[in-house]
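Okay, so here's the structure we're looking at.
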Amino acid sequence: RPPEEDEEEAAEVGWQEKLFSQFEVDLYQNESACQTPLDRQYHEEILKLQRAGGRKNYRIFTYTDHDRFTNLEEHCQKVTDSHHEVPSYLAERMANVRRRRQDRRPIEASSLKSKIITWEPSEEFIKNNHVINTPVQTMYIMGDLGPYGKLGHREYEHVLCTIKVDGNGVITVKPDFTGTKGAYRIELHGEKREVWKYTIENASVQVQPEEEEREQCVFRDLYSRHKEYLSGLVGSEFEMTLPGTLRLFVNGEIVSAQGYEYDNLYVHFFLELPNQWSSPMFQQLSGVTQTCATKTVGWDKVAHFCYPFTLEMFFTQGDESEDSLPQWPVLYFEVLSLDFWQRYRVEGYGSLVLPASPGLHMLTIPTWRPVELGTAAELRRFFIGGSPELEDITYVRIPSTFKGERLSRFGFRTETTGSVTFRLYCLQQSKAFLETSALRQRMQSVLDRLGGFSQQSSVYNVLEAFQRARRRMQEARESLPQDLINTSASTV
């Protein structure tokens, strides 16, 4: 019996279960309106329903994956709610790609895999392969919200729920099952402005405990097999460092160089390993970036290199390291420019002590270059290129050939140039990090002394600040009148 004025209806719908609407009943009961095999199948099912007493649903019906509504709904997706929206070329191409289960033959699949390049792709091939084609089955649960006694009009059809199942077994229900927020609302746009409320509940049969436990066993077996497969690919042996050895990885990047005089810059760099440090045979400790043109950012001309490099080195603790201060590796670099006439100029030298702590470090290192006095040297640098260069680039800090106690650079003229920005990701590996014995304490003391250069520099900075404050105090005292100084002294 049709529902009365209370207009309440409940229906239990299965996956891809077809519930006919009043419009479809009126359409498919005439055999002359049936054109496709699916239409004729619906015609026979409707005749069976009428012989069995009619359909049980009135307002609630469904559109399955094979219905024309599903094709139109996927094709007519819009980005905005404007009625005058014109879909772009890409939107039309994407709308034509229906993510359906494609029944391909095994022979066709093997032939497609064997073809690396398809020289003459067809339209269907382009549609199915220009996106990630994950097969999806779709189903719509609809509601006929027309006035009582006038069911079957398309303008009153509204989507109550959309259910999708992709090839990976993921079920998507939109909107979700009704929870604590209450029923969903649909407000009609008309004279009466009726408001309809509906709820969506999961009516599936709960899984029995025995079946759930059996399923968990299958999952555990699958995961264990996959774990064994991955361990077979990776290998069971994990490379560990020897006791008393520190392994240092540096994934670095030369980000940019800024503030230099000439254009078309490139950076040449190399790593110096002090005593007790070593590197693998395959490791390259030097490199050259690409030549990069500069662009104006603010007041500076900046060359964005984004040049990555990787360094791997080992520190082996020896007996002599107990008394002497171990050194940390140093990265030396020079910035050069190269113009159209193949004239190159040294733009700056700099050095960078690798960070002693693991993690991310952003460092901007200022550079300098040697300067030769006289106008002729600057004219030579401008017109024919070339400039004074360091024979040993380690002269930036302490020359590798220096053996004395004090290094004097009196008379060596330099000029401050631009700066180079580095991004360094440092990682340290040592077996001592896993130990709780004296070996860990010994390695920790070595690490502390390896970072001693930063502590020493901080002490030097404090001393220099104290000396500057003392000089300012003396200058201020000398500028005061003598009678004020004598009076304050006698008062004290």
| Around residue 160, which amide H atoms from residues at least 5 apart in sequence, or from another chain, sit under 5 Å from its own amide H, with H modelled in the peptide plane? | 141, 142, 143
| request: Read phi for every residue in region 466-475 and hand back ³J(HN,Hα) as whole Hz from Karplus 6.51 cos²θ - 1.76 cosθ + 1.60, θ = phi - 60°, with x for Gly and Pro. | output: 5, 5, 5, 5, 5, 5, 5, 5, 5, 5
| Restricting region 136-241 to trypsin sites (Lys or Arg not before Pro) in coil, as DSSP defines it, with at most 14 other Cβ within 10 Å | 150, 181, 192, 193
| remark: Nearest-0.05 FRET efficiency for residue 390 and residue 230 at R0 = 41 Å, using Cβ-Cβ distance, is 0.20
| request: Hand me the chymotrypsin sites (Phe, Trp or Tyr not before Pro) from region 253-299 located in a DSSP loop with no more than 10 other Cβ atoms within 10 Å, in residue order please. | output: 282, 299
| request: Could you please put 263, 166, 81 in sequence from largest to smallest accessible area, using a 1.4 Å probe? | output: 81, 263, 166
| request: Run the quick spin-label model on residue 368 and residue 476: label points 7 Å from Cα toward the beta carbon, then report their separation in nm to one decimal. | output: 3.1 nm
| query | Summing Lys, Arg as +1 and Asp, Glu as -1, what charge do residues with Cβ under 9 Å from the Cβ of residue 60 carry, residue 60 excluded? | reply | -1
| Residues with amide H under 5 Å of residue 136's amide H, sequence separation 5 or more or different chain, H placed in the peptide plane at 1.01 Å from N; which? | 100, 101
| said: Given R₀ = 45 Å, what would the calculated FRET efficiency be for residue 39 paired with residue 218, taking r from the Cβ atoms and rounding to 0.05? | reply: 0.60
| field | Under 5 Å, built H, 5+ apart or other chain: amide partners of residue 418 | value | 367
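The values are calculated or read from the model by the stated rules, or taken from the named source; none is laboratory data. Owing to the predicted nature of the structure, the values given are computational and were not obtained by experimental measurement. With ideal geometry, Cβ positions are generated from the backbone for all residues, glycine too; neighbour counts draw on all protein chains shown. To get the accessible areas, we keep the full protein, side chains included, count just its heavy atoms, and leave off ligands, DNA and RNA. Shrake-Rupley method; radii C 1.70, N 1.55, O 1.52, S 1.80 Å.
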